[in-house]
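Shown next, in structure tokens, is the structure this report addresses.
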Amino acid sequence: MSVLEGVKVLDFGRYIAGPYCAALLGDLGADVIRVEKREGSEDRYLLPLTQKPDGSDGDGAMFLQMNRNKRSLTLDPMTEKGRAIAHALAAEADVVVANLPPETLSAMGLDYDTLSRINPRLVVTTVSAFGSEGPYANRVGFDGIAQAMCGSTYLTGSPEEPIKSYAAWVDFGTASLAALGTLAALHHREKSGRGQLVEGALIKTALAFFNYHLIEQAILKLDRVATGNRAQNSGPSDIFRAKDGFVLTTVNGNPLFRRWAKLMGEDHWLSDPRFMSDQSRGDNGALLSKRMAIWVAERTVDEAIAALEGARIPAGPVYAPQQTLDDPHVRAMGYLKPLVYPGLETPAPLAETPVKLSETPGRLRARPPLLGEHTEEILSTLGYDSGAIAALREAKIV
């Protein structure tokens with residue numbers, strides 16, 4: 001039995017933070033209905049993999065990851081009849097997920113006050129860029145803006161060129177925390193019989209994940225600046241060029257540093273006051289990285305990693321995406337499941353639930369839906385017959 005079997009979720013999300021939250025709930029067995037625009041929401045067509053009959057961009061890579069285990073309903077909740085359908089679905093749902101600004105939710109009739117009057121047991125999970133408090137509450141924003149505003153981008157790259165992460169860690173972190181909050185709210189409902197509002201915010205996730213750096217700044221006022229890939233509070237923790245690629249090493253703590261110094265033939269550094277702690281090694285990291293760079297440059301990636309692993313020093317190759325897909329450990333895990341999807345000539349490697357549960361594991365039960373694939377099926381459960389559904393289509397409500 002799936003842990004969320006019988007739980008109904010309406011997903012009004014877009015892009016990553018809302019849809020991935022709902023996808024995680026779907027992985028755990030929830031019946032998730034993705035509600036999107038009649039023409040398809042913007043996130044459906046990012047990183048396009050297929051083509052529509054007219055040759056325009058079809059469904060994309062982001063959509064495939066975020067929308068597995070869901071059914072698709074097209075709907076315009078800005079219309080009176082569309083809003084009535086949304087409210088009828090909410091009356092029977094357990095969870096509504098939406099990553100939209102508060103004022104947009106209110107305009108669509110999807111704010112918590114409205115939905116809780118319709119269904120007091122409903123858990124409403126919202127995600128916005130800046131949360132519901134403060135002067136930026138109604139600003140729109142994406143992952144990169146939160147990365148930039150939390151301090152992470154400033155300390156990545158160089159002082160001349162701040163660099164944001166290519167991975168959307170703020171979005172995925174917010175989605176995961178929103179799913180955690182949703183599960184907590186469902187657990188509370190079992191005891192109290194009442195739903196509640198769960199609020200995630202990109203800026204809060206970014207501040208939380210970057211918090212210890214902000215704590216250091218608040219207390220010590222060090223005003224750190226970016227140092228590329230070289231860590232500032234350990235060493236040698238950096239990326240180094242080998243004969244045929246790049247290697248990343250992370251040396252944290254005195255035991256690891258002792259093993260590294262012996263591997264380098266620099267045992268005398270073990271008594272050098274410049275290298276007596278992680279922080280002092282971070283402060284003198286340029287010297288440690290220079291020594292390590294010489295050592296790695298004499299070796300291939302495989303040779304360097306083999307020697308480092310032999311000394312039990314954490315290291316890994318810097319992969320291009322295809323190398324990641326070809327890595328024997330990644331393949332052996334069986335974690336990237338081949339997904340067959342209409343219009344794709346080859347299956348897509350879809351990551352399963354990233355947390356493994358021994359008794360109630362998340363699983364890939366169904367491919368992502370085509371646009372509006374389940375509209376008639378869903379509306380029929382609300383009592384709409386084929387004529388009424390045809391009238392809604394004619395009126396461009398679904």
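The values are calculated or read from the model by the stated rules, or taken from the named source; none is laboratory data. Please read these numbers as outputs of a predicted model, since none were measured by experiment. Methodologically, a virtual Cβ is constructed for each residue, glycine included, from the backbone with ideal geometry; neighbour enumeration extends over all protein chains shown.
Tabulated data
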read-out: Qualifying positions in region 89-120 - under 21 Å from residue 179 (Cα atoms), outside any helix (DSSP H, G or I) and not polar (S, T, N, Q); value: 93, 94, 95, 96, 97, 98, 100, 101, 110, 111, 120
read-out: Test for residue 121: is it touching a Lys or Arg at 6+ places or on another chain (Cβ under 9 Å), among the charged types (D, E, K, R) and surrounded by 23 or more Cβ atoms within 10 Å (Cβ to Cβ); value: no
read-out: Filter result for residue 136 (in the same structural domain as residue 22 (by TED's automatic domain parsing), of a type in the set (Phe, Trp, Tyr) and modelled with pLDDT of 95 or more); value: no
read-out: Among the candidates 74, 104, 79, residue that is within 24 Å of residue 206 (Cβ to Cβ) and among the β-branched types (Val, Ile, Thr); value: 104
read-out: Residue in region 57-77 that is under 19 Å from residue 362 (Cα atoms), of a type in the set (S, T, N, Q) and outside any loop (DSSP other than H, G, I, E, B) present; value: yes
read-out: Counted residues, region 157-213 - those being of a type in the set (Phe, Trp, Tyr) and either more than 19 Å from the chain's Cα centre (by Cα) or surrounded by fewer than 15 Cβ atoms within 10 Å (Cβ to Cβ) (or both); value: 2
read-out: Single residue of 116, 41, 106 found to be in contact with a Phe, Trp or Tyr (Cβ under 9 Å, 6 or more places away or on another chain) and either assigned by TED's automatic domain parsing to the domain that holds residue 372 or closer than 23 Å to residue 3 by Cβ (or both); value: 41
read-out: Residue match in region 296-309 (condition: out of contact with any strand residue (DSSP E or B) (no Cβ under 9 Å at 6 or more places or on another chain), surrounded by fewer than 15 Cβ atoms within 10 Å (Cβ to Cβ) and either assigned by TED's automatic domain parsing to the domain that holds residue 158 or touching a residue at least 24 places away in the same chain (Cβ under 8 Å) (or both)); value: no
read-out: Subset of region 312-334 [assigned to a loop (DSSP other than H, G, I, E, B) and either touching a strand residue (DSSP E or B) at 6+ places or on another chain (Cβ under 6 Å) or surrounded by 15 or more Cβ atoms within 10 Å (Cβ to Cβ) (or both)]; value: 313, 318, 319
read-out: Selection status of residue 345, within 23 Å of residue 66 (Cβ to Cβ), surrounded by 11 or more Cβ atoms within 10 Å (Cβ to Cβ) and among the acidic types (Asp, Glu); value: no
read-out: Residue list for region 357-378, restricted to those being part of a loop (DSSP other than H, G, I, E, B) and of a type in the set (A, V, I, L, M); value: 357, 364, 366, 370, 371
read-out: Residue under evaluation residue 144, criteria (1) in contact (Cβ under 8 Å) with a residue 40 or more places away in the chain; (2) under 21 Å from the mean Cα position of the chain (by Cα), criterion not met; value: (1)
read-out: Where residue 42 falls short, out of the listed (1) under 18 Å from the mean Cα position of the chain (by Cα); (2) at pLDDT 95 or above; (3) charged (D, E, K, R); (4) surrounded by fewer than 18 Cβ atoms within 10 Å (Cβ to Cβ); value: (2)
read-out: Region 121-148, residues that are closer than 30 Å to residue 191 by Cα and in a loop (DSSP other than H, G, I, E, B); value: 121, 122, 131, 132, 133
read-out: Of residues in region 124-147 being crowded, with 19+ Cβ neighbours inside 10 Å and either touching a Leu at 6+ places or on another chain (Cβ under 6 Å) or basic (Lys, Arg) (or both), the one farthest from residue 164 (Cα to Cα); value: 124
read-out: Residue count, region 67-101 (criterion: crowded, with 18+ Cβ neighbours inside 10 Å and either of a type outside the set (Val, Ile, Thr) or more than 28 Å from the chain's Cα centre (by Cα) (or both)); value: 22
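Here is a yes/no grid of residues against (1) farther than 18 Å from residue 144 by Cα; (2) touching a strand residue (DSSP E or B) at 6+ places or on another chain (Cβ under 6 Å); (3) assigned by TED's automatic domain parsing to the domain that holds residue 15:
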| site | (1), (2), (3) |
| --- | --- |
| 167 | no, no, yes |
| 182 | yes, yes, yes |
| 192 | yes, no, yes |
| 199 | yes, yes, yes |
| 215 | yes, no, no |
| 219 | yes, no, no |
| 226 | no, yes, no |
| 248 | yes, yes, no |
| 252 | yes, no, no |
